[in-house]
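Read through the structure below, which is laid out as C-alpha cells, and then see the notes.
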Amino acid sequence: MTRRVVAQGTFDLLHPGHLHYLREAASLGDELHVIIARAANIDGKPAPVLSAPQRAEVVDALGVVTAAHIGDPDDIFVPIEAIDPAVIVLGHDQRHDPTALSEALTARGLQADVVRVGPRSPSSDELLSSGQIIDRILATRADH
C-alpha cells in the first residue's frame, strides 16, 4: 500500500528552508503531495509575490515531490480528502495547531498522523524565509 504524505504552504520564492521541509516530509512516505496555498487563504503574512499556479509549477518540478496541488478556495480539507494521506507534515514555523488539525480531520472522517518537522539550521548568510529574501532584494536593489 502506498503511503501518501501531504505538506502544505505558500512556497513563495523557494529557498533552502522549503527544501528542508519538503525533504523531511518526503522521508515519511512513498509519495509527497504538496498543497499550495491560494493568496486569498493566506493570513498572518503578506500576500505572495508569485501566483499560485507559478508556485505550484516550481514545487512540482522538485524531485522529492510527487504532485503539487493548488488549495481549494473555500475548504482547506478538500484536497486532503482527495489525496487521502497517511501523514500530514507541518513546517516548524507554520501556525497550525497539530491537535486541532487532528481533531478536524477526525470530525471529517479522515485519519492521518500530524507531525511537525524541525527547522533547518542556517549556514552563514543563508536566508531561510521568503520575507528575508525580499528584504535583501529591496536593500541591495534600492539604488538601482
Considering every residue within the stretch 116-129, establish whether at least one is farther than 16 Å from Gly17 by Cβ and outside any helix (DSSP H, G or I). no
List, please: which pairs have Cβ atoms under 7 Å, are six or more places apart or on different chains, and start with a residue in the stretch 128-144 that is among the small types (Gly, Ala, Ser) and end with one that is in a helix (DSSP H, G or I)? Ser129/Gly17
Going by the conditions given, is Arg108 within 19 Å of Leu19 (Cα to Cα) and of a type in the set (D, E, K, R)? no
Expected single match for touching a Phe, Trp or Tyr at 6+ places or on another chain (Cβ under 9 Å) and not aromatic (Phe, Trp, Tyr) among Ala112, Ala67, Ala104, Ala142 is Ala104
Anything in the stretch 113-144 that is touching a strand residue (DSSP E or B) at 6+ places or on another chain (Cβ under 8 Å), of a type outside the set (D, E, K, R) and surrounded by fewer than 16 Cβ atoms within 10 Å (Cβ to Cβ)? List them, or say none. Val115
Name the one entry in Arg38, Arg108 that is closer than 29 Å to Leu138 by Cβ and either within 13 Å of the chain's Cα centre (by Cα) or touching a residue at least 12 places away in the same chain (Cβ under 8 Å) (or both). Arg38
Expected output for the stretch 43-59 (first residue more than 19 Å from Ser129 (Cβ to Cβ), partner in a loop (DSSP other than H, G, I, E, B) and of a type in the set (Asp, Glu), Cβ below 7 Å, 6+ apart or cross-chain) is none
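Since every read-out is calculated from the coordinates, none of them should be taken as a lab result. None of the values given here were measured: they were computed from a predicted structure. Methodologically, a virtual Cβ is constructed for each residue, glycine included, from the backbone with ideal geometry; neighbour enumeration extends over all protein chains shown.
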